[in-house]
Amino acid sequence: MARENLEFGDGVLLQHCALQTEDDLVLARAAIKLHSTDLGFSKLNQTKIVTAASELGRNVLEHGLGGHLKIDAIDQFGRKGLRLIFEDNGPGILDMELALTDGYTSKKGLGLGLTGSKRLMDEFSIESQPGEGTTVMVIKWT
Amino acid sequence: MVERIPILKIGETLLVTIQVDFHDRVALALQEDLTDKIVTHSSKGVLIDISSLEMVDSFMGRVLGNIAKTSRLLDCHTVLVGMQPAIAITMTELGISLQGISTALTAEDGMELLKALMSKKQKRVSHGRQIARK
């Protein structure tokens, strides 16, 4: 399974976060907040990034049975961005079309996790192999 | 890591100030604690201050919505105050509407709104009594 989205090139790794418990999710949100501030994102974009990350991180915990998050800074022809890659080794997504439908939820929440975070970020890609896990990549440009 | 959010009782209202980011269990505990306190103190209003909160995701939105719905069933009004503009925009884009929850910009305005909501109800009750007497 291709685990790296190389479309936007290699980034500079800022932080690697484990996502195994709810506490990890709180720490990951704090880390993302810190890095997005460092990269000079506006208050609004910081809020959007942290909120999207919270949705995606919760997916990793609840559906992916835990995983990890890679935070990196990317630079594409002088355009700077923050890239988040969420990986889990859970059961994967069987019906991608359904998972990407607004309002569809399998557990708690409002069913806005994937579609909502897609709206909040600039780039969004998802790869999933049933039985192998799911990788979600999102980018916000500064 | 924060394990519980304090709930202050001021007269007929309960005051909750959310100061830091917390994990999901704490949000669910808050919902339970608030419901208990509303019943114990026969509270008529809950003021939730989220001015220090950095984000409201769909889970947090659901919890806030549930708190408002539950308290309404227990004859109590909820007012959410201090939402940062960035959070309002993000929530709207994410798709959270928080229907049925009253909001005010500041804690002061929130208390006024609660008072108004509570007195409206008292008027209704006294009006009902007059009808019953007739």
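Just so it is clear, none of the values below were taken in a lab; they were calculated from the coordinates. Quick caveat, the model's predicted, so the values are computed rather than measured. Here Cβ is always computed from backbone atoms with ideal geometry, including for glycine, and neighbour counts include all displayed protein chains.
For chain B, what is the calculated [θ] at 222 nm in deg cm²/dmol (nearest 500), taking -39500 (n - 2.57) for each run of four or more DSSP H residues and dividing by its residue count?
So the helix-based figure for chain B works out to -17500 deg cm²/dmol.
Provide the per-residue ³J(HN,Hα) series for the range B:8-15, in order, calculated from phi with Karplus coefficients 6.51, -1.76, 1.60 and θ = phi - 60°, each as a whole number of Hz, with x at glycine and proline positions.
My calculation for the range B:8-15 gives 9, 9, 10, x, 8, 10, 10, 10 Hz in order.
How long is the range B:23-85 along each principal axis, judged by its Cα atoms, biggest number first, in Å?
32, 23, 16
Report the FRET efficiency, 1/(1 + (r/R0)^6), for B:Leu8 and A:Asp38, where r is their Cβ-Cβ distance and R0 is 30 Å, rounded to 0.05.
0.25
DSSP beta bridges in the range B:7-133, what fraction antiparallel, as a percent rounded to 5?
If we restrict to bridges inside the range B:7-133, about 25 percent are antiparallel.
Restricting things to alpha carbons, find the Rg to Rh ratio for the range A:20-141 using the Kirkwood radius for Rh.
0.96
What is the spin-label model distance, in nm, from A:Thr142 to B:Asp75 if the labels are put 7 Å beyond Cα along the C-beta direction?
About 5.8 nm, to one decimal.
Averaged across B:17-25, how many Cβ atoms of other chains sit within 10 Å of each residue's Cβ atom?
Averaged over the peptide's residues, the number is 3.
Just to confirm the filter: which GluC sites (Glu not before Pro) across the range B:1-51 are DSSP coil and have at most 14 other Cβ within 10 angstrom of their Cβ?
Sparse-neighbourhood loop GluC sites (Glu not before Pro): B:Glu3, B:Glu12.
Full extension from A:Thr21 to A:Leu98: what is 0.36 nm times the residue separation minus their Cα-Cα distance, to one decimal in nm?
Extending this stretch completely gives an extra 25.1 nm.
In degrees, nearest 10, range 0 to 90: what is the angle between the Cα axis of helix B:24-40 and the longest Cα principal axis of chain B?
The answer is roughly 10 degrees.
Where does helix B:107-133 land angle-wise versus the long Cα axis of chain B, in degrees 0 to 90, nearest 10?
Result, in degrees: 30.
Using θ = phi - 60° and the Karplus form 6.51 cos²θ - 1.76 cosθ + 1.60, what ³J(HN,Hα) does each residue of the range A:132-142 get, whole Hz, x for Gly and Pro?
10, x, 9, 10, 10, 10, 10, 9, 10, 8, 6
What Kirkwood hydrodynamic radius, in Å, does the range B:7-133 give when the mean of 1/r is taken over all pairs of distinct Cα atoms and then inverted?
Result for the range B:7-133, one decimal place: 15.2 Å.
What length, rounded to one decimal in nm, is gained on full extension from A:Glu132 through to A:Lys80, with 0.36 nm per residue of separation minus their alpha-carbon distance? Before the final figure, lay out the partial values.
Details: separation 52, 0.36 × 52 = 18.72 nm, distance 3.16 nm.
Taking A:Glu132 through A:Lys80 to full extension adds about 15.6 nm, to one decimal.
Taking the number of other C-beta atoms within 10 Å as the exposure measure, put B:Ser58, B:Ser119 in order starting with the fewest. Show your work: numbers first, answer last.
Numbers: B:Ser58 24, B:Ser119 11.
Ascending number of Cβ neighbours within 10 Å: B:Ser119, B:Ser58.
Mind checking the range A:1-91 for trypsin sites (Lys or Arg not before Pro) that DSSP puts in a loop (not H, G, I, E or B) and that have at most 12 other Cβ atoms within 10 Å?
Passing both the DSSP loop test and the Cβ count: A:Arg3.
In Å, what Rg and Dmax follow from the Cα atoms of the protein assembly as shown?
21.2, 81
Between B:Ser42 and B:Leu117, what FRET efficiency follows from the Cβ-Cβ distance if R0 is 22 Å, with the result rounded to 0.05?
0.90
How high is the relative contact order of chain A? Use alpha-carbon pairs under 8 Å, at least six apart in sequence, and give a whole percent.
Normalised by residue count, the contact order of chain A is 26 percent.
Once you wrap a convex hull around the alpha carbon atoms of the range A:52-101, what is its projected area averaged over all directions, in nm²?
4.4
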